[in-house]
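The values are calculated or read from the model by the stated rules, or taken from the named source; none is laboratory data. For clarity, every value in this text was computed on a predicted model and none was experimentally measured. Every residue, glycine among them, receives a Cβ derived from its backbone with ideal geometry; neighbour counts consider all protein chains shown.
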Amino acid sequence: MTRTVRSLLLAAALACPALVTPTLMGCQFEEHREPSLGVAVELASATLADDCASAGRGLAADAACAEGVPCPSFCRQSGVQLSVVAEAGDASVPMEVVAIELRSLDGALLSTLEARSPTVFDGETFVAWDRQIAPGARLDVRFDTSAPDWTALGGGDPWRTHGVQYRIEMRVRIDGVERLLSLEPVSREPEVVT
């Protein structure tokens with residue numbers, strides 16, 4: 001290393017505050033911290049099916065039923081469910097979904113799924129969730145997701161995707177700290193009620 005390069009690195013190191021790595025282009029921030037609340041999170045289940053909200057299929061099927069009579073939807077919504085357990089603490093912490101990926105069992109990326117509509121089980125049903133984890137909470141959380149392009153994954157035939165095993169990888173950020181969750185094997189839901 002030349003004297004000039006060493007001088008530049010030394011000057012950058014002196015100019016950068018603690019927890020920051022000096023580079024020739026300036027300071028690069030590296031955050032290494034623990035969340036303020038201990039939280040265990042697990043990807044408990046996944047449903048690989050359709051995207052009912054964007055297709056509008058569930059709403060149209062429900063509208064075809066007689067008024068006042070319960071009618072099952074003809075669309076099964078894709079989604080993921082998480083088990084979240086927080087330790088005792090002083091304050092709630094936020095949780096956000098960074099990414100959800102559908103992968104083959106050997107790790108190849110097949111599709112990226114978009115999360116939306118977070119809900120939490122309140123003991124009787126799933127209700128809207130504000131993405132906050134309270135100290136001591138034990139939560140069953142669900143996010144609806146977009147659906148993979150089954151036709152593309154099946155090489156032009158969406159029926160070829162039934163029975164195929166996949167892996168879901170999900171990155172979440174809890175109180176600013178990112179975590180990777182995974183679940184395998186996961187298969188596409190059948191088109192018929194079983």
>> When you scan the stretch 163-175, do you find a residue that is more than 14 Å from the chain's Cα centre (by Cα), assigned to a strand (DSSP E or B), in contact (Cβ under 8 Å) with a residue 12 or more places away in the chain and farther than 21 Å from A40 by Cα, even just one?
In response: yes
> If C75 satisfies every condition in (1) surrounded by fewer than 19 Cβ atoms within 10 Å (Cβ to Cβ); (2) of a type outside the set (G, A, S); (3) not in a strand (DSSP E or B) but one, which is the exception?
Replying inline: (1)
>> Let me confirm something: among D144, D106, which residue is of a type in the set (D, E, K, R), surrounded by fewer than 18 Cβ atoms within 10 Å (Cβ to Cβ) and at pLDDT 95 or above?
In response: D106
> When you scan the stretch 128-162, how many residues do you find that are under 19 Å from V93 (Cα atoms) and either assigned to a strand (DSSP E or B) or of a type in the set (V, I, T) (or both)?
Replying inline: 9
> Within the set of pairs 6 or more residues apart or between chains, which connect a residue that is at pLDDT 95 or above inside the stretch 118-130 to a residue that is of a type in the set (F, W, Y) and not in a loop (DSSP other than H, G, I, E, B) with Cβ atoms less than 6 Å apart?
Replying inline: P118/F143; T119/F126
> Has the stretch 62-78 got at least one residue that is at negative phi and at pLDDT 95 or above?
Replying inline: yes
> Of V93, V85, which residue is of a type outside the set (S, T, N, Q) and either touching a Lys or Arg at 6+ places or on another chain (Cβ under 7 Å) or not assigned by TED's automatic domain parsing to the domain that holds A128 (or both)?
Replying inline: V85
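Looking only at the stretch 154-169, filter to residues that are of a type outside the set (V, I, T) and under 12 Å from E184 (Cβ atoms); which one of those is surrounded by the most Cβ atoms within 10 Å (Cβ to Cβ)?
Y166
If you go through the stretch 134-144 one residue at a time, do you hit one that is within 20 Å of C52 (Cβ to Cβ), of a type outside the set (G, A, S) and touching a Pro at 6+ places or on another chain (Cβ under 7 Å)?
Filtering the stretch 134-144 for residues within 20 Å of C52 (Cβ to Cβ) gives 141-144.
Restricting the remaining residues to those that are of a type outside the set (G, A, S) gives 141-144.
Those still in the list that are touching a Pro at 6+ places or on another chain (Cβ under 7 Å) too: 141, 143.
Yes, the stretch 134-144 contains a residue that is within 20 Å of C52 (Cβ to Cβ), of a type outside the set (G, A, S) and touching a Pro at 6+ places or on another chain (Cβ under 7 Å).
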>> Anything in the stretch 178-194 that is surrounded by 15 or more Cβ atoms within 10 Å (Cβ to Cβ) and modelled with pLDDT under 95? List them, or say none.
In response: R188, E189
> Identify, please: which residue in the stretch 176-194 is among the hydroxyl-bearing types (S, T, Y) and in contact (Cβ under 8 Å) with a residue 24 or more places away in the chain and is, among those, nearest to Q81 (Cα to Cα)?
Replying inline: S182
> Could you list, in sequence order, the residues of the stretch 109-130 that are surrounded by fewer than 17 Cβ atoms within 10 Å (Cβ to Cβ) and either closer than 15 Å to R171 by Cα or hydroxyl-bearing (S, T, Y) (or both)?
Replying inline: L109, T112, E114, R116, S117, T125
